[in-house]
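The values are calculated or read from the model by the stated rules, or taken from the named source; none is laboratory data. Since the model is a prediction, treat every value here as computed from it, not as a measurement. Using ideal geometry, Cβ is built from the backbone for each residue, glycine included, and neighbour counts are taken over all protein chains shown. Heads up: the accessible areas ignore ligands, DNA and RNA and are worked out on the full protein's heavy atoms, side chains in. Shrake-Rupley method; radii C 1.70, N 1.55, O 1.52, S 1.80 Å.
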Amino acid sequence: MKNNTPKSPSDVSKTSRRRFLQTGVAVGGVLGACTPSTLQDPARDLGEAPSTYGQRSPFEKSSRIVQASSSGGSRRSPGGTPEAGLSRTPLQDSQGILTPSSLHFERHHAGAPEIDPDRHRLLIHGLVERPLIFTMDELRQLPSVSRILFVECSGNSQSEWSNPGSTVQRSHGTASCSQWTGVELSLLLTEVGIRPEGKWIVAEGADACKMHRSLPLEKAMKDMIVAYGQNGEAVRPGQGYPLRLVIPGWEGNTHIKWLRRIKVVDQPYMGREETSKYTDLLPDGTARQFTFAMEAKSVITYPSGGHRLPAPGRYEITGLAWSGRGLIDRVEISIDEGQSWQEAELQEPRLPICFTRFRFPWEWKGQPVTLQSRCTDETGYLQPNREELIKIRGLRTFYHFNGIKVWQVQADGSVQSVPA
Ligand SMILES: Nc1nc2c(c(=O)[nH]1)N[C@H]1C(S)=C(S)[C@@H](COP(=O)(O)O)O[C@H]1N2
Ligand SMILES: [Mo]
């Protein structure tokens, strides 16, 4: 008799794991092939003593790709100097949902300044009752919050408009996920007292470009965090040490690093980031402005461009999904050019505005095949494919590509990006 009761997520994961093991996995050597003499025995000698600050194993090589100059002469290269560059997270090697701080992507418009936390100050002024200057010690004395949140550059996966990235690091590597700790900005704003005319804030960094963004006060009072902690220690210099703004779900550019000033104002200031950048030109010639929220996106991280499946057999397709508007409710996988979609398992914890890991057991029979994922967030929004996105947004736009990424497995097991 067929049992039609819906399965709980843990049942689904148990059955899919059992199914996976029963059919045999295409990994693991034949027992006996390795004789003790071919193996180095780590138990023969004494190992390393404990150290004051940890390092990864010398066998681990996963690293960021640094794009630091006007390489390629592209109009879209991030800057003409090494300081105005970016680095990309190696998502193809990612496990779980957290990005190690050492591999969190970086985007600097004028290099990462070296800041002595004892000398750093945060000024809050403008349309307030009591302008205040906070030291780092004063901020650390206040009640704190910790949230695991993704940060994604709005230029992430811009390659996919016209020239799809060959690896997931190149196409999606300017998105990372950390646990951020700090003070809710609403607490500081309540302390200074907002005057009734105050409707926006301008947040400013202490780097050489004094990066600043105009942001609505409503969001500041809702969930912005003035963060000094990242993944259990101080924020890394590249991420804004000693203090940065974290704005759940909004484009990376708004998360002002090396935060030194917040001015409460009555209307948005039109700085560089509000005018020449971070607007999206539409097919009719008008431009979208203040497109703050990052829409739902997913991408398969294994197998992905540059990987090679060693032999036909059972594999686990896995990847990441995220939405600036809340929880990821569903991820689906297609292995037939998008004709049919099957639901992937979502790994716990599944948190709002956070990377969500998905998994899907799959058997590769050795034939060429395309792999793609699409996600739905809690608002019901379904990640579009590239053609659907272009229909609405045209091809003159640059930021906020969130279309489906397609990988192609060749007969020899190598995985490539599908050209546009
Ligand atoms: N002060 C300052 N803040 C900044 C930037 C900058 O150059 N200077 N770059 C912004 C951009 S464009 C992005 S995408 C994010 C990147 O954050 P991350 O480097 O911690 O990943 O920081 C934002 N905050
Ligand atoms: Mo960015």
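Here are the numbers for the structure shown:
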| quantity | calculated |
| --- | --- |
| Among the candidates E332, E295, residue that is within 26 Å of R393 (Cα to Cα), open to solvent by less than 60 Å² (accessible area, probe 1.4 Å) and assigned to a strand (DSSP E or B) | E332 |
| Residue check for L217: away from ligand 2 (no atom under 16 Å from the Cβ) and aliphatic (A, V, I, L, M) | yes |
| Those residues of the stretch 366-412 which are surrounded by fewer than 16 Cβ atoms within 10 Å (Cβ to Cβ), over 23 Å from the mean Cα position of the chain (by Cα) and either in contact (Cβ under 8 Å) with a residue 60 or more places away in the chain or part of a loop (DSSP other than H, G, I, E, B) (or both), in sequence order | G366, Q367, P368, G394, L395, R396, Q410, A411, D412 |
| Selection within the stretch 221-258 - within 15 Å of R107 (Cα to Cα) and more than 17 Å from the chain's Cα centre (by Cα) | P237, Y241, W258 |
| Residue count, the stretch 241-256 (criterion: part of a loop (DSSP other than H, G, I, E, B) and touching a His at 6+ places or on another chain (Cβ under 8 Å)) | 5 |
| Top-ranked residue of the stretch 150-168 - restricted to ones that are within 15 Å of ligand 1 (Cβ to nearest atom) and open to solvent by 10 Å² or more (accessible area, probe 1.4 Å), ranked as nearest to H125 (Cα to Cα) | C153 |
| Residue satisfying condition, being out of contact with any strand residue (DSSP E or B) (no Cβ under 8 Å at 6 or more places or on another chain) and under 14 Å from L122 (Cβ atoms), within set L259, L245, L187 | L187 |
| Qualifying positions in the stretch 245-257 - under 26 Å from R119 (Cβ atoms) and open to solvent by 10 Å² or more (accessible area, probe 1.4 Å) | K257 |
| Residue among M211, M224 that is in contact (Cβ under 8 Å) with a residue 12 or more places away in the chain and either over 15 Å from I124 (Cβ atoms) or more than 16 Å from ligand 1 (Cβ to nearest atom) (or both) | M211 |
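Quick grid of which residues meet (1) modelled with pLDDT under 95; (2) near ligand 1 (Cβ under 10 Å from one of its atoms); (3) aromatic (F, W, Y); (4) assigned by TED's automatic domain parsing to the domain that holds S304:
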{"site": "A175", "(1), (2), (3), (4)": "no, yes, no, no"}
{"site": "K199", "(1), (2), (3), (4)": "no, no, no, no"}
{"site": "A206", "(1), (2), (3), (4)": "no, yes, no, no"}
{"site": "W250", "(1), (2), (3), (4)": "no, no, yes, no"}
